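Each reported figure results from applying straightforward, stated rules to the coordinates on display, with no laboratory input. The structure presented is a predicted model; accordingly, all values stated were derived computationally and were not measured. Cβ sites come from the backbone with ideal geometry, for glycine too, and all protein chains shown count toward neighbours.
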Amino acid sequence: MAAASPRPSVTASIASPRRSVTPGRLGLAFVLPSVIIFCLFLMVPVFAVAGIAFLEWAGFRIGDWTFVGLAKFQKAAADPVFWRSFTHTILFTVATTVLLNITGFLYALLIASRVRGSGLVKSVLFLPVLLSPVIVALMWTRILDAFGAVNQLISLVSPTARPTLFLGDPDLALTSVIVATVWQFTGYNMLLYYAGLQNLPRDQLEAASIDGAGARASIRHVVVPGLYPVIGTAILLNVIGGLRVFDLVYVMTRGGPNRSTEVLATYMYEQAFKFSDMGYASAIALVIVALSVGAAVLRIRWGSRLHE
Amino acid sequence: MARRTHGSTTRRRSAFVMGTVLVGTLAVTPAANAQDPIELEMWSWNNEGAYPLVHEDAIVRFEADHPGVTVKRGQSNCGDACGVIYLSFTDYLTRFRAAIAADEPPCIAQIPWAGEFRDFVNSGELIPLTQAITTGFPAFFEPIVDAVSIGGEVWAIPLDVNTLQIAYNKTRFDELGLEVPQTQGELQAAVDALGEQGLFGIAMGTRDRWSAGDLFFAQVAYTDGTNSKLAQADAGEVGWDDPAFAAAADNVAAMVASGIFAPGANSMDAFVGNLDLFASGAAGMMYPVGNFVTAGVADKVGDAFEWSLFPFPKPDGSTLDNRATGGIAEMFVVTADCAHQEEAIEFLRYLVDDGGGAALVANDFIPSWDFPVPADKSELYNNMVTAQATANSRVIYTTQVYAELLNAMQGVMDGQPGSTVIEAMVSAGAQ
């Protein structure tokens, strides 16, 4: 008798009007914890920052603020240090994005070609990604200082040369930070491209080969177009990472010498925690958010065009 | 129905029991609080050198005299030098602000003597100590009391003072027949003589900026013979483009151009790279050095050579006596949200009583009040105490101006003209 009465299926119970648990609601229930965490720890702070940007607030007492409208944005517009920081941020972002993608792609090709030792190269290149940027910054500070490894190598070639002061020279300091950043994160881009290369359709590559395409032509006309979605994602991640860079700059140069490596995030930190101007710091933070959102929108539009 | 009645009875009993517990707790709490031990929290960033010994000395004497009141230690297994809670200066102020915002600040906190001090006073988060300082505290040096006073109120207790001078390799100077330079012309001659031996002149580390500012203040000590213009500029009574400041910045720029300083200052932190240069003998001098780092210099130099200090020499033609710059080294505030302000102030009395003074002197610090120097103190210590008597100010309280001074001075160390310093200070002062 019991065997004769079939047990209701899971689908049926979900669809059951008595319980009224639709797949949509179930899905919502699953994502709700993430949505709550996202709102609490991301959206609320972002909106709070947006609000604080219109206040004169020293950051000591929650209720101790004055509404100043757009004054903080006007201050930014007239502040030469803000514009220097802005320029350095854009320079840093563009340089690191270009270099990370070129080196990441080349290393991925090297590994995908499965030449001898490519597995070791993959591990070694990815290792810096696992390190804290603070450790990387301290390490590069030592490597680049007057008695560091780079200057010792230079002295081997040119024993009479005076040490090159990479982090003390305004013309070299930003470049030095860019080099350290690229060194740390190349492995990350390499991994993205390597994953993309694994998913490329083999038949297209074989067809190109049969049609007589050489390695360069195959890369240009088959591999690169096939990697467009990966390229878009990698660029977006690098751009956002570049726009909000703080730790490497702060530890290596503290924005100096004479603000030659000051970026938006370090200037924002100075305004907030040295000058107690939370309103201005929030206005700078909003500029970083706006630039990041702008980059994401461009990425989405580019992605849509690829699909059309 | 019977079950519901039983449930209601149970809930009523529970409510009665909970109510009784609550009333009992409220009745007992005040008495219990009165007997609760008090733990004071004190923050400092000076865990290097002998400061923890000085702090610990005061803690031990204070706790012995005040049973039930303790000072929280930040570390364990630290023998006789546990001291208080030490935080890295890099994020000290960030954490202090966060603690204030969270209504959980330490009762006592070390505070920088520069612009941040004024910002914290203006925030209303500190208590004035004007009344307290009249009872049980020593008579602090008058300029030092001025330095911790804002708006006619005293806001901090100054523990000790320091001077900033040039350390020089006495052994090497003697070998080359060099006297201690009395003017910048003589300083140049000494640097040239060192250069002929393949040595650098003055090693500086300005990557962390502050010492570049002190180079400027060392010149202001001469270009402003009144020792008052920095304070006047802070108060808006003279401009940041005052001729005294312009001449000071130009002096530094001229010295950079003439090779007085070892190259690479902007790539070295103070007391790291420049100390290496000095201790290795590659540079004949090092700036700035005061009692806060003499122990570190002595450790690093060891027996390699003899060294001593002299004030930054005056510009050629100046009729002023040579003088160091200086000011307060450690100073402490009591926070407005501290639940035990009286106990906190009482602890500060122990830091600066006779025992505190003796601990400071024993560890080569200079108390911020007149305190007898034992006959067995070193020549170096006596040198610093003498220099203290005529030390000029090294403080700009307007935070933005001070910050831009430091940035622009890094530029000067890189060969920029002195006028860039004045432009930066004027621009920051206008904000």
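Tabulated data for the structure shown
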| quantity | calculated |
| --- | --- |
| Peptide A:252-263 - average C-beta neighbours from other chains (10 Å radius) | 6 |
| Helix B:341-351 axis, angle to chain B major axis (alpha carbon atoms, nearest 10°) | 40 degrees |
| Calculated [θ] (222 nm, deg cm²/dmol) that DSSP helices of n ≥ 4 give over the protein assembly as shown, each run adding -39,500 (n - 2.57) | -17500 deg cm²/dmol |
| Backbone N within the range B:402-431 under 16 Å of label point (7 Å from B:Asp241 Cα along the Cβ vector) | B:418-431 |
| Per-residue mean of C-beta atoms belonging to partner chains within 10 Å, peptide B:112-118 | 1 |
| With Cα atoms, 0 to 90° folded angle of helix B:2-34 axis to chain B main axis | 50 degrees |
| Ranked B:Asp241, B:Asp414, B:Asp224, criterion: other C-beta atoms within 10 Å, fewest first | B:Asp241, B:Asp414, B:Asp224 |
| Segment A:Leu26-A:Glu56, length gained on full extension (0.36 nm per residue, minus Cα span) | 6.3 nm |
| Shape call, the range A:70-168: gyration tensor on alpha carbons, a/c limit 1.5 | oblate |
| Taking B:Lys229, B:Lys72, A:Lys122 and counting other C-beta atoms within 10 Å, the order from fewest to most | B:Lys72, A:Lys122, B:Lys229 |
| DSSP-defined beta bridges in the protein assembly as shown - what % are antiparallel, rounded to 5 | 65 percent |
| Degrees, to the nearest 10: B:399-413 long Cα axis against longest axis of chain B | 30 degrees |
| In chain B, lysine pairs with alpha-carbon atoms under 30 angstrom apart (chain gap of 8 or more, or interchain) | 7 |
| Under 13 Å from A:Lys72, Cα to Cα: aspartates and glutamates that are on another chain or at least 8 residues apart | A:Glu56, A:Asp277 |
| Label-point separation, A:Val98 to A:Arg220 (7 Å along Cα→Cβ), nm | 2.0 nm |
| Gained length - B:Ala389 relative to B:Ala64, 0.36 nm times residue gap less alpha-carbon distance | 113.5 nm |
| Total formal charge among the other residues, if their Cβ is under 14 angstrom from that of B:Gly281, Lys/Arg +1 and Asp/Glu -1 | -2 |
| Residues B:Thr226, A:Thr87, sorted so that the one with the fewest Cβ neighbours within 10 Å comes first | B:Thr226, A:Thr87 |
| Anisotropy class of the protein assembly as shown from Cα gyration tensor, a/c 1.5 cut | oblate |
